[in-house]
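This report concerns only the one structure given below.
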Amino acid sequence: QQQQQQQQQQPLGGLPRERSSYKKAFVDTGDPAQAEVGTELKEGRPEVLTAPHPPELPPTPAHPGVVVAAAEATGDDRAIAGQPGAPNPRLISLMAGRTADWDRIRRMAERIQTPRYGLREYFDDCLAAFPELSLFTAGPALAASGSSAGAAAGGNGPSKSSSGDTNEAEYQRTIGALFAVYWLLRLPVDGRVGWCYGVDVDWAPLKPRRHRPGQRHEGSSSNERTSTNTSASSVLPEPGLTFGQMTEEQKRASFLETMNWSMFENLVQQAGCDPLEVGSTQRVMAILCLTAFHDIMKVEDLLPTVQAEHAPYLGHRAGDVIRDHDVALSYVLEHYPELLPSYAGLPASERRIVLFSQGKMNFNHGWFVQAEAPPGAMLTAFKSVLQAGATPADIGFYFLHWFTDLAGAEATPLGGSEKFVLRFPHAVLASFLWSIPYLGKLTQMSETGVVESYLCARWQVLAPETATPEGEDAVASMRLAVMAQRDDRIVNIFQSLPHRDRSTLTTELARTGCKGQRFSGGPPKLSGGPALLVYYSPALLQKNADGNLYGALRVLAEVFRAGRALWPCSKEEEGGSATVQIAALKGETVDKVIERATEEDKTYVLRRHNDLEGIVELLSKSQEVELASQGVRFAALDLANILRGPPSIAASEVLSDGEDGTTSCGGTSSGGAIRSGRSRGSSQAQSEEGRPLLLLDPTSSFPDLNANRRGTLGAESELAGLRQENWLLRDRVEAMGAELVRVRMKLLELDPDSLSNGTPPLAA
């Protein structure tokens, strides 16, 4: 009876409505001049800005016919296709018998602009209406659902998502995106304030009071705190302050006062989601449903396996586990819609636009805005859609979803849209919105032409007093500046890199992924593919923008080299792309990332999952040996010298900078020792083309350790280390031979007669 009484006093989220359920946070800014303001700013804002969990899914028997099969351990990340339980037995089990509350969803869409429809009631409606929200917190995976290959790689448990963050964080981001939809559709009511300031302990929007730092509110004194819990200070920034110099509250005030809100209103209207427009209810229902389930495929236990009858699917073969969460969701929506109740029950017209936004366009706006991807990977499908006659409302719906998704990315839904308000310079956010018209140029321009015109325009915003870069490294310079959201100073760091790293970034960042297309600001004779998309490369650079950006650029170059070893360049693949996900490298500064590997005696490796995808993982020696024994292809990242600062550049441009800070012809030098599969300085011995030396392709170079296995794992690990050292020496000889050929060709070019007798003159 006591439990029933407690449940009746609680909303669906399991959190009491009483104010006492939260702690009030008072934060000292550390500035005596703003002591009073700093105390008042946080008055009434919840100390914890995350949302309560949805009710746990009750235990359900396995869906009839579900058979959980372990993945096959073959060269790529493959699973058994065509078995009962496709495309994912865990997803089938968790969604068996679940339904969406369509009456409630319709009422949400109809009431979303009603002043009395508060955020807490909206949140409770979301939990009750969308069963997919419980997938983020559904508990441990079924006993045999994980792949053996994934376990050997030290794969994350069910609490980890494919982005490298926890499932809890992805749940909070999803709630943040749902709240962003709520605030955007309520701009005429209280949406602007809620977007900028979030809510108080009672989930009511914090109402800012405008004053300059040092000023007191009317009716308050230095010894008093405001008694209301629905107000916060709107501390207007002093003129001339940059975004980085503002406090959090100044950023909130600046966003509220200076942002062009008409751009937000236009975004809603172009998507057909303006609640005041006749016939918009179904479109609002569609955006709510899509937002609720759009990121569930970041839960790795739910990733689908491509079935034979659907293969190939966007480049994935039968048996491939689709690890790109957007493509994975598209596959389920298209072939197994009944597994997502909040999609299956939509009217056919709204299912079409949801599927269009997730799959048919195959477009990631963040890739475009942050120059993260090559043109072909992000624009080829989008260009085809435009040419096929997509409506403006279809395009608008996609951009509204993308915008609200990114708005909730800080995983602090009760704090407002903090990703845009606190983390993005407001001019950068404006650039996100003004980037949209560039995509309309695809009807007249090539994918590469659109990207290059956008890069030039963004350069003028980031470095207005600096001429647009020219030469074969121009595209690399502009892409790096846009990725890092920094001005031309990053180009100076880029130019200070060792020759081998500069060459790698110049080449790989200029590949287009479009057959026959080249950047005018790239190497003139560049050809071949596939182009490499390093997923989360902007996050890597931004995380280190105020620290070791030099080291971050070197890490990025090493990832590109490893990726090129696993996806060798060929003419046939010039129109293709492969995605390399580096979530393991983006969470902390490069110094801490590398220190962690050293302390734990582990190695970062790039593992190839299939023809289209790879991922960077931190593996122990035993995990490397186990993957090698299974025939999995992976390349070890040599990060031994990344922590070194930039070398002193005093030599001629003809000479390149050695990895150890010395100057040597061609960038080669002696390497260090190899221990337990990790290279200590092996990158110095690489060829001018930047070929990684620790490419592990056990299918041709490693013995079958599973056959007649004897001895201990330590002996196998030692064997792996010895074989890697052997490969290193072999590749070092090849690299030195290639360097000798290069030098001889250079001598021949300088003096055609110098090699006639085999002994070049001293002058040559």
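Quick one: Kirkwood hydrodynamic radius for segment 395-470, alpha-carbon pairs, angstrom, one decimal? Mind showing how you got there, number by number?
Numbers: mean 1/r = 0.0701 Å⁻¹.
With all distinct Cα pairs of segment 395-470 included, I get 14.3 Å.
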Go through T412, L439, V450 and say which Cα lies farthest out towards the positive end of the charge dipole of segment 410-479; charges sit on Cβ, +1 for Lys and Arg, -1 for Asp and Glu.
-> T412
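Using the crude model of +1 on Lys and Arg Cβ and -1 on Asp and Glu Cβ, and no other charge, please compute the dipole size for segment 407-546 relative to its Cα centre, in debye to 20. Each step should come with its number before you reach the end.
Details: 14 positive and 13 negative charges, 66 e Å.
Dipole magnitude for segment 407-546 comes out near 320 debye.
Cβ under 9 Å from L526's Cβ, L526 left aside: what net charge do those residues give with Lys, Arg +1 and Asp, Glu -1? Please list the in-between numbers first.
Working: positive: R511, R518, K525; negative: E472.
In short, +2.
Ignoring any ligand, DNA or RNA, what whole percent of the accessible area of segment 406-557 comes from carbon and sulfur when the probe is 1.4 angstrom? Display every interim value, and only then the final one.
Working: 2520 of 4920 Å².
Using a 1.4 Å probe with all protein chains present, segment 406-557 comes out at 51 percent carbon and sulfur.
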For segment 181-197, 3J(HN,Hα) per residue [Karplus equation, 6.51 cos²θ - 1.76 cosθ + 1.60, θ = phi - 60°, Hz, x = Gly/Pro] | 4, 4, 5, 5, 7, 10, 3, x, 9, 9, x, 5, 5, x, 4, 8, 10
Based on the alpha-carbon gyration tensor of segment 382-432, what equivalent-ellipsoid semi-axes (square roots of 5 times the eigenvalues) come out, in whole Å, largest first?
-> 28, 12, 7
Please report, in cubic angstrom per residue, the volume enclosed by the convex hull of the alpha-carbon atoms of segment 562-622.
-> 92
P(r) of segment 458-587 over all Cα-Cα pairs, binned every 10 Å from zero, in whole percent = 13, 45, 35, 7, 0
Let me see the pair-distance distribution of segment 384-510: every alpha carbon pair, 5 Å bin width, integer percents in order.
-> 2, 9, 16, 17, 17, 15, 13, 8, 3, 0
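Using per-residue counts of other Cβ atoms within 10 Å, averaged over each peptide, order 410-421, 427-438 from highest down. Please report the intermediate quantities before stating the final value.
Numbers: 410-421: 24.5, 427-438: 16.2.
The most tightly packed comes first, giving 410-421, 427-438.
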Report the charge-dipole magnitude of segment 452-518 in Debye, nearest 20, computed about the Cα centre from +1 at each Lys and Arg Cβ and -1 at each Asp and Glu Cβ.
-> 280
If you place +1 on the Cβ of every Lys and Arg and -1 on the Cβ of every Asp and Glu, how big does the dipole about the Cα centre of segment 344-417 come out, in debye to the nearest 20?
-> 280
What percent does the relative contact order of segment 450-524 come to when contacts are Cα pairs within less than 8 Å and at least six residues apart?
-> 34
Any of K419/K515; K207/K586; K383/K586; K298/K543; K441/K515 with alpha carbons more than 29 Å apart? Name them for me.
-> K419/K515; K207/K586; K383/K586
M259 accessible area, assembled protein chains, probe 1.4 Å, Å² = 20
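The values are calculated or read from the model by the stated rules, or taken from the named source; none is laboratory data. Predicted model only: the values in this text are computed from it and were never measured. With ideal geometry, Cβ positions are generated from the backbone for all residues, glycine too; neighbour counts draw on all protein chains shown. Side chains are part of the model used for accessible areas, which takes the heavy atoms of the whole protein and leaves out ligands, DNA and RNA. Shrake-Rupley method; radii C 1.70, N 1.55, O 1.52, S 1.80 Å.
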